[in-house]
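Step one of this worksheet: look at the structure below.
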Amino acid sequence: MSELVFDQVSVRYGARHHALTAVDGASLTVPSGQVVGLVGESGSGKSTLARAAVGLAPVSTGRILLDGSDVRRLRGRRRPVQMVFQDPYSSLDPRMSIGDSIAEALPRARPRGLRGKAVRRAEVARLLAQVNLDPERAVLLPGQLSGGQRQRVAVARALAGQPQVVIADEITSALDVSVQGTVLNMLSDVQRQLNLTMLFISHNLAVVRYLSDHIAVMYLGRIVEAGPTEEVLADPRHPYTRDLLAAVPSRTSPAPADRPPAPEPAALAAAEPADPHHPPPGCRYHPRCPAGPLVHAGRDLCRTSDPAEGAGRRPHHAACHFTTPVPPSPSLRP
């Protein structure tokens, strides 16, 4: 078991007028043996933060620590942080059998020769069975499998490296709805069996609730709210989290046919998403916020003062000047 810590991590691309800060001072802890769900809309920086943890994105400032050690300084063939990508087909060599792809990720310190090959074949078979795939499929190519099966192979390949932490980046978003549930159940079983530390990235709050012990919400490169999953979803303190929840269709509380939804304030309806190259001053969400100055007079503080500075003193570390309790939201179902 290992703890993964993002300590004031920033990831920047380009320079001067063309610079983009994809992640801006993000701090997040993934506790040992637990699952943290990271949610946010497209472009919020979720995947960039994940890629930084495995060395695929440059860390401009801050540190990423695994049990207190900087992951960038860890040496050796074995990589303690493994990532499962959104598109399994692009992460697997289409000319290599799935058995060979998994075997390639096994640590090289295993016996060589005939006995070594037998051991590696047995380990590949074990890993395929662990992700609920028939070991006989080891001879097949990725193109001979369905999307859900390829994603299981990608998980098995990540586990082959004997990681301390697994990062799953939107691994069900490219799958049919009928397949998503079986993949999520498999991932949940594997996480419990191995007591893995996991960062699970998704835009689907129902999926995050099903898998995660904790949840973190990201907007425009920053973590704006974080805490135990049930607490955050039942009592969100940041307006952006509430908006994400409101966007989830509810099966338990359908809107009456004779009652139209409340009209959105004209100022919010006309608001454009912020330019990530030039984020707004103060609270980054204030140009779209239903609790901000566009709707409530006297809240110009949101335009000038960064709420991230006092987030540690607020419930769920919410980066909002006006954190107030709201009624519990309807239960979410994956």
Failed item, numbered, when A297 is tested on (1) small (G, A, S); (2) loosely packed, with under 10 Cβ neighbours inside 10 Å; (3) at pLDDT below 85: (3)
Test: residue in the range 1-22 that is over 26 Å from P273 (Cα atoms), part of a helix (DSSP H, G or I) and touching a strand residue (DSSP E or B) at 6+ places or on another chain (Cβ under 7 Å): no
Selected residue [of a type in the set (G, A, S) and modelled with pLDDT under 95] from A156, A160: A160
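For (1) surrounded by 14 or more Cβ atoms within 10 Å (Cβ to Cβ); (2) of a type outside the set (A, V, I, L, M, F, W, C); (3) under 18 Å from the mean Cα position of the chain (by Cα), each residue gets a yes or a no:
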position	(1), (2), (3)
E123	yes, yes, no
A160	yes, no, no
P163	yes, yes, yes
S178	no, yes, no
Any hit, the range 140-151, residues being in a loop (DSSP other than H, G, I, E, B), closer than 24 Å to G33 by Cβ and modelled with pLDDT of 90 or more: no
Only listed residue being of a type in the set (S, T, N, Q), surrounded by fewer than 16 Cβ atoms within 10 Å (Cβ to Cβ) and at pLDDT below 90, chosen from S253, S305: S253
Within the range 30-123, helices (runs of 4 or more DSSP H) holding 1 or more residues that are modelled with pLDDT of 90 or more: 46-53, 98-104
Any hit, the range 169-176, residues being assigned to a loop (DSSP other than H, G, I, E, B), of a type in the set (S, T, N, Q) and in contact with a helix residue (DSSP H, G or I) (Cβ under 6 Å, 6 or more places away or on another chain): yes
Test set (1) outside any loop (DSSP other than H, G, I, E, B); (2) at negative phi - G25 fails condition number: (2)
Residues of the range 192-201 that turn out to be over 19 Å from K46 (Cβ atoms) and either part of a helix (DSSP H, G or I) or β-branched (V, I, T) (or both), as a count: 3
Residues that are in a loop (DSSP other than H, G, I, E, B) and over 26 Å from R157 (Cα atoms), drawn from the range 202-229: L220, G221
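The values are calculated or read from the model by the stated rules, or taken from the named source; none is laboratory data. These numbers come from a predicted model, not from an experiment. For neighbour counting, all protein chains shown are included, and Cβ atoms are generated from backbone atoms with ideal geometry for every residue, glycine included.
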